[in-house]
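J.: Got a structure here, written out as structure tokens. Questions coming.
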Amino acid sequence: MLVPIAIRQIRAPFARMMSTKAQRLIISGAPASGKGTQCEMIIEKYQTPHLSTGDMLRAAVKEGTALGKQAKEFMDAGKLVPDSLVINLVKERLGEKDCQESGWLLDGFPRTGEQANALEEAGIKPDKVLLLDVPDAALVERVTGRRTDPVTGKIYHMKFNPPPADVADRVTQRSDDTEEKVLVRVAAYHENLKALTSTYADVLYRFDGNRDKKAIFQDLEKVIDA
């Protein structure tokens with residue numbers, strides 16, 4: 001039986017007393033580490049506003065906000081949106097009423113030490129950072145086994161959640177869900193991980209993410225509720 005990685009107790013000078021439903025959380029992990037699944041479970045239980053920078057960028061562009069217009073210029077040119085613009089977008093979102101009253105769950109951002117430092121400088125400080133650790137081999141298996149039904153959009157996994165017989169012949173694999181490409185993404189994740197964990201050392205909690213999703217969530221709950 002896999003044993004959860006030991007977690008560190010929070011000792012943060014900037015942490016303020018908040019209710020369980022009003023905590024400021026960051027969830028992090030490699031591609032296919034299970035962040036999305038755990039986010040869904042956290043949101044369902046705690047009703048915490050979910051912040052995905054990708055979703056926020058798309059919404060800002062669609063709404064035509066000042067930041068959205070700036071982001072669109074970079075996106076239309078095929079360039080990465082600068083960290084400074086993303087940070088401003090996050091700051092703007094965190095200023096909204098729901099985040100002020102109910103806390104927030106920042107999903108997969110920051111990804112680098114530079115982004116984490118930029119958040120700190122902007123006064124955006126999490127109470128707890130939840131890091132899912134999954135072995136590289138398991139990450140590769142999770143990604144390369146994924147298949148999508150082009151008709152319904154539902155995602156299956158050939159080993160863990162195979163498509164039914166009437167769907168199996170039409171499922172497709174994303175072009176970037178190959179072992180070669182996922183290893184590149186995982187390598188980039190590891191390259192940035194040390195700087196990221198260093199920035200949040202005092203509020204970082206690590207979990208064995210290579211287990212049943214409910215077992216992982218039970219450990220997350222213990223930290224969130226502490």
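Every number in this text was worked out from the coordinates using simple rules, so none of it is lab data. Because the structure is predicted, anything quoted here is derived from the model rather than measured. Glycine gets a Cβ as well: all are built from the backbone with ideal geometry, and neighbour counts include every protein chain shown.
J.: When a/c is below 1.5 the answer is rounded, else prolate if a/b is larger than b/c, else oblate, so apply that to region 129-225 with a ≥ b ≥ c taken from the square roots of the Cα gyration tensor eigenvalues. Provide the component values of the computation, followed by the final result.
T.: Values: a/c = 3.03, a/b = 1.66, b/c = 1.82.
Taking the square roots of the gyration eigenvalues as a ≥ b ≥ c, region 129-225 is oblate.
J.: Cα-based Rg (one decimal) and Dmax (whole number) for region 184-226, in Å?
T.: Considering region 184-226 through its Cα atoms, Rg and Dmax are 12.8, 36 Å.
J.: Taking the Cα of V184, stepping 7 Å toward and past its beta carbon, and measuring to each backbone N in region 110-149: which are under 17 Å?
T.: Answer for this model: 140, 143-144.
J.: At a Förster radius of 22 Å, what calculated FRET efficiency corresponds to the Cβ-Cβ distance of I43 and E92, to the nearest 0.05? Can you show the working numbers first?
T.: Details: r = 21 Å, r/R0 = 0.94.
Efficiency, from the Cβ-Cβ distance: 0.60.
J.: Something else about it: For region 93-158, run through the GluC sites (Glu not before Pro) and keep only the ones in DSSP coil with at most 14 other Cβ atoms within 10 Å of their Cβ. Before the final figure, lay out each step's value.
T.: On the way: sites: E96, E101, E114, E120, E121, E141; in loops: E96.
Sites meeting the loop and neighbour criteria: E96.
J.: When averaged across all projection directions, what area in nm² does the alpha-carbon convex hull of the chain cover? Write out the running numbers ahead of the final one.
T.: Numbers: hull surface 55.3 nm².
Here the figure is 13.8 nm², rounded to one decimal.
J.: At 7 Å along the Cα-to-beta-carbon direction for both Q173 and A137, put a label point, then send me their distance in nm to one decimal.
T.: Here the modelled spin labels are 1.9 nm apart.
J.: Within the chain, which is the longest segment that contains none of the chymotrypsin sites (Phe, Trp or Tyr not before Pro) sitting in a DSSP loop with at most 13 other Cβ atoms within 10 Å? Don't skip to the end; give the middle numbers.
T.: Details: sites that count: F14, F160.
Maximal segment without exposed cleavage sites: 15-159.
J.: Leaving out same-chain residues fewer than 8 places away, which lysines sit with a Cα under 22 Å from that of K62?
T.: K72, K79, K91, K97
J.: Counting Lys and Arg as +1 and Asp and Glu as -1, each charge on the Cβ, what is the dipole of region 143-226 about the Cα centre in debye, to the nearest 20? If you can, show how the numbers build up before the last one.
T.: Working: 14 positive and 14 negative charges, 20 e Å.
Computed charge dipole of region 143-226: roughly 100 debye.
J.: Return the aspartates and glutamates within reach of K69: Cα separation strictly under 16 angstrom, same-chain partners fewer than 8 residues apart disregarded; answer none if there are no such residues.
T.: Candidates past the 8-residue exclusion: D55, D83, E92.
J.: Exactly which trypsin sites (Lys or Arg not before Pro) in region 87-165 are in a DSSP loop and have at most 13 other Cβ atoms within 10 Å? Mind dumping the intermediate values first?
T.: Numbers: sites: K91, R93, K97, R111, K128, R142, R146, R147, K154, K159; in loops: R111, K154, K159.
Qualifying residues, ordered by number: K154, K159.
J.: If R₀ is 30 angstrom, what is the calculated FRET efficiency for the pair A215 and E114, using the beta carbon separation as r and rounding to 0.05? Walk me through the intermediate numbers first.
T.: Working: r = 34 Å, r/R0 = 1.12.
My answer for the efficiency is 0.35.
J.: How big is the dipole moment of the chain about its Cα centre under a simple scheme where the beta carbon of each Lys and Arg is +1, that of each Asp and Glu is -1, and everything else is neutral? Debye, nearest 20, please. Each step should come with its number before you reach the end.
T.: Details: 33 positive and 33 negative charges, 50 e Å.
Rounded to the nearest 20 debye, it is 240 debye.
J.: Shifting gears a bit: List the aspartates and glutamates whose alpha-carbon lies under 17 Å from that of K181, not counting same-chain residues fewer than 8 positions away?
T.: Within reach: D136, E141, E191.
J.: In whole Hz and in residue order, list the ³J(HN,Hα) couplings for region 23-40 that follow from phi through the Karplus curve 6.51 cos²θ - 1.76 cosθ + 1.60, θ = phi - 60°; x for Gly and Pro.
T.: After applying 6.51 cos²θ - 1.76 cosθ + 1.60, I find 8, 9, 10, 10, 10, 9, x, 5, x, 6, 7, x, 4, x, 5, 5, 4, 4 Hz.
J.: If you don't mind, another one. For region 12-137, what number results from the quotient of the Cα radius of gyration and 2.2 N^0.38 Å?
T.: Details: Rg = 14.9 Å, N = 126, 2.2 N^0.38 = 13.8 Å.
The value comes to 1.08.
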